[in-house]
4 protein chains.
Amino acid sequence: MAEDKTIDNYNEVLSRSGFIKLLNIEILELNETHAKGRMPFDAKYCNPGGSMHGGCLYSLADTVAGTLAYFKGFDVTTVEGSMNFLEPAINTEYIYCTAKLKRRGKHLVTCDVEITNDAGKLLDCGIYTFFRMSD
Amino acid sequence: MAEDKTIDNYNEVLSRSGFIKLLNIEILELNETHAKGRMPFDAKYCNPGGSMHGGCLYSLADTVAGTLAYFKGFDVTTVEGSMNFLEPAINTEYIYCTAKLKRRGKHLVTCDVEITNDAGKLLDCGIYTFFRMSD
Amino acid sequence: MAEDKTIDNYNEVLSRSGFIKLLNIEILELNETHAKGRMPFDAKYCNPGGSMHGGCLYSLADTVAGTLAYFKGFDVTTVEGSMNFLEPAINTEYIYCTAKLKRRGKHLVTCDVEITNDAGKLLDCGIYTFFRMSD
Amino acid sequence: MAEDKTIDNYNEVLSRSGFIKLLNIEILELNETHAKGRMPFDAKYCNPGGSMHGGCLYSLADTVAGTLAYFKGFDVTTVEGSMNFLEPAINTEYIYCTAKLKRRGKHLVTCDVEITNDAGKLLDCGIYTFFRMSD
């Protein structure tokens, strides 16, 4: 597990993103193979029907997995990310995302993600691929 | 092509979504097999590096393709959506998304999407699947 | 865990598929939330470069995840499946695929898959969505 | 459009793949931004239900898009490919796949694919990303 101080540093970098601030995304845990983050549930992040917009959930996952891909390394850019929406995100204070490293190569990093609610129920799952800007 | 009035109706429904308002997404064109929408480029939608956050672009695509899937039909929910990020979204006033219908089935609707900038340059492409809440 | 007899039954159904026979895919483990299968490594399944063709690995995953989706239920058809190719599939006697259930809904079933070699090294990962032909 | 002779060369390289021979895949058209290939419909490529196995269709698409990605360039490996299965592949002599270039970067190449039957009906669509082995 990275020290809290390191997580603060990562959150400070993320806070320079207007969009990540707009979504109030924060990283909670981070090490070489695992990252966890969350964002609050709020009506301003919802669909007309009152559940979180899929694009919000995708944004959370892209940010958490991207932070894992970037961990102590080169800057990264998302190559491709797919998300499967299993259950509506409603009736929760926060939405959590856990990213796990599947492979960290010289050029490419692949992570899978799971999105859960306060009760730990699985809402969404996906896989993201990042490119490391190493040259 | 649906009449402007119809597009206004669709935009009115979308405006009930806090998130779609937050992103200032609007539908410009809509008929049975095609939809086009846009959102403004703004620092508040960007990454630390200054390009639009991938989650923003995904949100735009999910909204435009979802409107096409929903066209004159049952309510829909996104089953799965994948996005390939080809070029950074920078130096543009608006980001445009065009969705094309690939198949409209009884239960499932599939659309592909292309995201472009003011100059019409292709920035991203993806495919979304929706489930029609018909029962 | 399903009894061996049940697995034999599933393998008997799969053997009616010309393509599954061509690939020599067999199911090894199966219960409500988990399935495992394998196919042999062979030059006839390879790329010009000598590693297994990605389409072979995708076929194995589609078959194992599809068997899990089908488990004791209605017939299923694949809606969408994506695969991330992490490492070349070489130097192994068998290729294994493990599928885990993410959600079994009334209409849709989602599974993730991992492909490994004899040594248990992760080679590929992906997510598949199936539609249950219940009406 | 590449000359027929060039296509023969590409088909000769592909024929060194046991799996591509097993599927009888051939490239019909190829230039810098477009490729088209086909494989015959045959019971040995089918599901228990009698339609082509999704893994077969994926293999065809991976091969045709991979040939486009490789065109006059460095060797490529598939990073990720997703396929959406829209209609069953039945009642056709051949299955055709058309791949279109979305972006050819220094390291990454992205193509979309459409699979059709003899009548030109769209059966499947997908997107593939390849990595160019340039260093």
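Readers should treat all values here as calculations from the given coordinates under stated rules, not as data from a laboratory. Because the structure is predicted, anything quoted here is derived from the model rather than measured. Neighbour counts run over all protein chains shown; Cβ positions are idealised from the backbone, glycine included.
For the residue pairs C:LYS106/D:LYS102; B:LYS36/D:LYS100; A:LYS21/B:LYS36, the C-alpha atoms sit more than 32 angstrom apart in C:LYS106/D:LYS102. Charge tally around B:ASP124: other residues with Cβ under 13 Å, Lys/Arg +1 each, Asp/Glu -1 each, net -4. Relative to the dominant Cα principal axis of chain C, helix C:54-70 is inclined by about 20°. Amide H to amide H, with H built 1.01 Å from N, A:ILE95 comes under 5 Å of A:MET39, A:PHE41, counting only residues 5 or more places away or on other chains. Under a GNM of chain C (C-alpha, springs under 10 Å), which listed residue has the highest mean-square fluctuation: C:CYS56, C:CYS97, C:CYS125? Result: C:CYS56 has the largest fluctuation of those listed. As a proxy for reagent exposure, D:ASP42, A:ASP62 were ordered by neighbouring Cβ count within 10 angstrom, fewest first; the result is D:ASP42, A:ASP62. Alpha carbon centre of the range D:109-126 versus the range B:13-67: separation in Å? Result: 27 Å between the Cα centres. Extending 7 Å from Cα along the Cβ direction at A:SER15 and again at D:GLU32 yields two label points whose distance is 4.8 nm.
Highest mean packing comes first when the peptides C:74-84, A:25-35 are listed by Cβ atoms within 10 Å, giving C:74-84, A:25-35. Sequentially through the range C:87-99, phi angles give Karplus couplings (6.51, -1.76, 1.60; θ = phi - 60°) of 9, x, 8, 9, 6, 8, 7, 10, 10, 10, 10, 10, 10 Hz, Gly and Pro residues having no value and appearing as x.
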